[in-house]
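Read through the structure below, which is laid out as structure tokens, and then see the notes.
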Amino acid sequence: MKKDLLSIYNLETADFEKIWKNAARLKKLLKQGKDHASLKGKTLGMIFDKSSTRTRISFEVGMYQLGGIALFLNSRDTQIGRGETIADSARMMSRYLNGIMIRTFAQDSVEELARYATIPVINGLTDLFHPCQILSDLFTIIEKKGSYEKLKVAYIGDGNNIANSWIEAAARLPIQLALACPQGYEPDKKIMNKCATDASEGITLYSDPREAALNADVLYTDVWTSMGQEAEVKERKKIFKNYSINIKLLAEAKKDAIVMHCLPAHRGEEITAEVIDGPHSVVIDQAENRLHVQKAILEILL
Ligand code: CP
Ligand code: NVA
């Protein structure tokens with residue numbers, strides 16, 4: 001049966017290990033300059049309803065490196081953008097492609113696509129989740145810290161798709177997750193409630209970023225305004241002004257804490273230039289790993 005990657009919660013413990021083991025192997029092969037055309041002749045359709053730099057490049061280059069090809073499908077230029085149904089698109093695309101990666105607004109659209117497609121569907125970000133990002137971030141944490149087990153991850157900022165996927169990760173793996181979000185901008189309540197009971201090391205929601213950051217091994221943040229929320233930029237800048245990873249907040253974390261950001265970053269907003277360009281930051285390695293982890297996912301699913 002085909003397998004999709006729609007959210008972190010759907011994954012089993014063995015899936016995580018399989019993806020990271022494969023990612024480490026593929027990363028090594030690439031660094032050694034060895035060809036690895038395991039997906040020769042395979043095609044991935046990439047549907048984009050929102051902008052992307054990393055996700056697009058890493059999936060496209062990833063398919064190329066694995067011997068296959070990736071098609072960039074901007075919804076505006078396809079019949080989806082003119083009202084062709086998700087069901088028809090899914091059924092028809094399944095006859096041409098070996099897999100679909102989709103970045104869109106509603107999580108329901110991705111789930112509908114997966115329901116009708118007979119090929120694997122990968123969620124490349126929705127308003128609700130960004131599973132590929134967090135899978136890759138955990139791989140980076142393993143590289144930098146040896147393991148994620150029992151580590152404290154502090155997420156500072158908007159209770160958005162990245163926060164929701166972190167919450168799902170804490171429900172599946174032994175990570176202590178602390179989040180600090182302004183009132184009214186907390187993560188999805190349903191996801192919080194569902195995951196709180198499964199989380200072995202706990203998920204705690206604070207309003208004070210210092211409390212969340214205290215003794216953290218990983219400090220993580222994301223933009224204050226996500227794609228699709230552009231009309232709220234001005235208001236959000238005021239509301240989130242104290243939810244910034246700066247030197248003072250970094251001092252609350254462990255001395256060897258790493259600082260992560262899924263990127264794109266806004267220096268002077270959710271993170272200061274001093275911190276993101278400083279010695280604790282791993283953001284560029286983090287971005288690189290999107291390539292290796294997504295290749296691992298593609299190889300497993302396709
Ligand atoms: N982090 C991430 O998904 O980046 P892009 O929006 O550039 O793909
Ligand atoms: N929360 C951000 C993540 C971008 C990778 C957004 O959805 O725009």
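The values are calculated or read from the model by the stated rules, or taken from the named source; none is laboratory data. Values in this document were obtained by computation on a predicted structure and should not be read as measured data. Note: ideal-geometry Cβ built from the backbone for every residue, glycine included; neighbour counts use all protein chains shown.
Test each condition in (1) within 16 Å of ligand 2 (Cβ to nearest atom); (2) surrounded by fewer than 16 Cβ atoms within 10 Å (Cβ to Cβ) for Ala251 and report the one that comes out false.
(1)
Filter segment 76-118 for residues that are hydrophobic (A, V, I, L, M, F, W, C) and in contact with a strand residue (DSSP E or B) (Cβ under 8 Å, 6 or more places away or on another chain) and give the result.
Residues satisfying the conditions are Ile80, Ala90, Met93, Leu97, Ile100, Met101, Ile102, Val110, Leu113, Ala114, Ala117.
Of (1) more than 12 Å from ligand 2 (Cβ to nearest atom); (2) not in a strand (DSSP E or B), Ala178 satisfies all except one. Which?
Condition (2) is where Ala178 drops out.
Restricting to segment 266-299, give me the number of residues that are hydrophobic (A, V, I, L, M, F, W, C), over 15 Å from Leu219 (Cβ atoms) and under 20 Å from the mean Cα position of the chain (by Cα).
Summing the residues that are hydrophobic (A, V, I, L, M, F, W, C), over 15 Å from Leu219 (Cβ atoms) and under 20 Å from the mean Cα position of the chain (by Cα) in segment 266-299 gives 7.
If you go through segment 281-300 one residue at a time, do you hit one that is more than 30 Å from Ala114 (Cα to Cα), buried (at least 20 other Cβ atoms within 10 Å of the Cβ) and more than 16 Å from ligand 1 (Cβ to nearest atom)?
Among the residues of segment 281-300, not one is more than 30 Å from Ala114 (Cα to Cα), buried (at least 20 other Cβ atoms within 10 Å of the Cβ) and more than 16 Å from ligand 1 (Cβ to nearest atom), which makes the answer no.
Looking for something within 16 Å of ligand 2 (Cβ to nearest atom) and touching a helix residue (DSSP H, G or I) at 6+ places or on another chain (Cβ under 9 Å) - is there at least one such residue anywhere in segment 205-214?
No, that holds for no residue.
Suppose we filter Gly159, Gly146 for residues that are over 26 Å from Ile69 (Cβ atoms), within 12 Å of ligand 2 (Cβ to nearest atom) and not basic (Lys, Arg); which single one remains?
Gly159
Here are Pro209, Pro187: which of them is touching a Gly at 6+ places or on another chain (Cβ under 7 Å) and at pLDDT 95 or above?
Sole residue among the options that is touching a Gly at 6+ places or on another chain (Cβ under 7 Å) and at pLDDT 95 or above: Pro187.
Looking at segment 10-39, I want the residues that are within 17 Å of Val61 (Cα to Cα) and modelled with pLDDT of 95 or more and have a partner that is surrounded by fewer than 17 Cβ atoms within 10 Å (Cβ to Cβ) and aliphatic (A, V, I, L, M) with Cβ atoms under 6 Å, at least 6 apart or on another chain. Which pairs are those?
Here the result reads His36/Leu29, each pair linking segment 10-39 to a residue that is surrounded by fewer than 17 Cβ atoms within 10 Å (Cβ to Cβ) and aliphatic (A, V, I, L, M).
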